[in-house]
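Written out below as structure tokens is the structure these notes cover.
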Amino acid sequence: MPFSAIGSDDLARVGGKGQNLGALTRAGFPVPPGFCVTTAAYHHFVAGCPTFSAWLDRLDALDPDDVAGARALGAAVRDALLAVPLPPALVADITAAHHELGREHAYAVRSSATAEDLPGASFAGQQDTYLNIRGDDELLAAVRRCFASLFTDRAILYRARNGFGHRHVALAVVVQRMVVPEASGILFTADPVTGHRGTLTIDAGYGLGEALVSGLVTADLYRVDRRTGALKELRVGDKQVAIRPVPGGGTVTEDVPEDRRRARVLDDAAVAALADLGARVEAHYGGVPQDLEWCLSGQQSGSCRRARSPRSIHCPRPAPTTTASISTSASATPRT
């Protein structure tokens, strides 16, 4: 299902991440093109595993505090699923969608669970993401691994502790054309520490966002006054490495040159462009604060990779002001 065809009532078909990308695409935001392998495909896939129902019974009986049990069961379920081939009809559909979008491009392949990116749940990072995937075989393998990653140890325990039944959660897969970024990061349209609605924050690093999200670098921090657009605070991080795509597929971690490690990633124009994009995304979602992943490539053009309401932030509204608010968004990262 292409992003442009995803509707507001398609959560059960494409998961939280897929639904958000569809909404951003339909609203005209700069989202790299892609498609979703739906939850119907997931159900078709797991139906080919003869022991799957028995594994679900054992997961349902698991004590939510049994970490060792979750680890053992999760590994067994993933192994069982990875031994199952994708159904031929699904292989044909994914391959056709891939060729239509352009097999010459690299893709990010990301899991999108039906209980993900919701106001009352935070499943971020619990299922797998694969970057810079090239070719039919690698794409199909990544989709299968994403399906199996619904049963990572973290995901199993989170569902068990928060009342999400293992039989009632499904997984779609987002296949999105890769952007090769000069910079990427995360943006909050409200301060994630104080919840203040008058301050927008941007974390930025070089290359793909995986280095930032996985904690390999100390990112730059830009705090922007939404009333005036002024940069309230700048903390330049020590960005020793960058993760970049490799032409043949996959990624590599490179050392950042010494003279760039303590240099600003974003100039004032890039900060302003991201802030404007974030504000427009927030406005699209009815003024609800957003947590966005962004990337900049080429001539400082920003792309959106994801937007969601940050569940952990309580955001009191600022006093009324006559100045327009400002914000940002766009990106690429590892897990979702």
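The values are calculated or read from the model by the stated rules, or taken from the named source; none is laboratory data. Bear in mind the structure is a predicted one, so any value in this text is a computation, not a measurement. Cβ placement follows ideal geometry from the backbone for every residue including glycine, while neighbour counts extend to all protein chains displayed. We work out accessible area using only protein heavy atoms, side chains counted, and drop any ligands, DNA or RNA first. Shrake-Rupley method; radii C 1.70, N 1.55, O 1.52, S 1.80 Å.
General observations
- Folded to 0 to 90 degrees: helix 11-26 orientation relative to the chain principal axis, Cα: 30
- Positive-end residue, region 35-99 charge dipole about Cα centroid, Cβ charges, pick of Ala47, Phe35, Ala68: Phe35
- The angle between the Cα long axis of helix 88-101 and the longest principal axis of the Cα atoms of the chain comes to about 20 degrees, rounded to the nearest 10.
- Interchain or long-range residues, amide H under 5 Å from Thr199's placed H: Asp191, Arg226
- For Ala172, distant residues with modelled amide H under 5 Å away: Ser112, Ala113, Thr114
- Ligands, DNA and RNA aside, Ser111 has an accessible area near 0 Å² when probed at 1.4 Å.
- Rounded to the nearest 20 debye, the dipole size of the chain about its Cα centre is 520 debye, using +1 on the Cβ of Lys and Arg and -1 on the Cβ of Asp and Glu.
- Fraction of antiparallel bridges per DSSP, the chain only, in percent to nearest 5: 100
- When only Cα pairs below 8 angstrom with a gap of at least 6 residues are kept, region 4-144 shows a relative contact order of 27 percent.
- Most positive-pole-ward Cα, Val288, Ala272, Tyr130, against dipole of the chain from beta carbon charges: Val288
- In the context of the full set of protein chains, the chain has a per residue accessible area of 42 Å² (1.4 Å probe).
- The chain: relative contact order in percent, alpha carbon pairs under 8 Å with at least 6 residues between: 20
- Net charge, Ala242 excluded, C-beta distance under 15 Å - Lys, Arg +1, Asp, Glu -1: -3
- Choice from Pro181, Pro33, Pro87 with maximal GNM fluctuation in the chain (Cα, 10 Å cutoff): Pro87
- Mean separation of Cα contacts under 8 Å, 6 or more apart, over the residue count of region 108-244: relative contact order %: 18
- C-alpha center-to-center spacing [region 192-211, region 88-111] in angstrom: 32
- Peptide packing: for 14-24, 36-46, the average count of neighbouring Cβ atoms within 10 Å per residue gives the ranking 14-24, 36-46, highest mean first.
- Magnitude of the charge dipole for region 148-286, about its Cα centre and with charges confined to Cβ atoms of Lys, Arg (+1) and Asp, Glu (-1), is about 600 debye.
- Cα-based helix-to-principal-axis angle, 268-284 vs the chain, degrees rounded to 10: 60
- Cα-derived Rg over Rh, computed across region 1-149 with Rh taken as Kirkwood radius: 0.98
- Each of Val175, Gly16, Leu139 was scored by the projection of its Cα onto the charge dipole of the chain, and the greatest displacement toward the positive side belongs to Gly16; charges sit on the C-beta of Lys, Arg, Asp and Glu.
- Percent accessible area from carbon and sulfur atoms, the chain, protein chains only, probe 1.4 Å: 53
- Answer label, with P(r) over Cα pairs in 20 Å bins from 0, in percent calculated from the coordinates and candidates (1) 30, 52, 11, 5, 1; (2) 29, 51, 18, 2; (3) 31, 57, 12, 0: (3)
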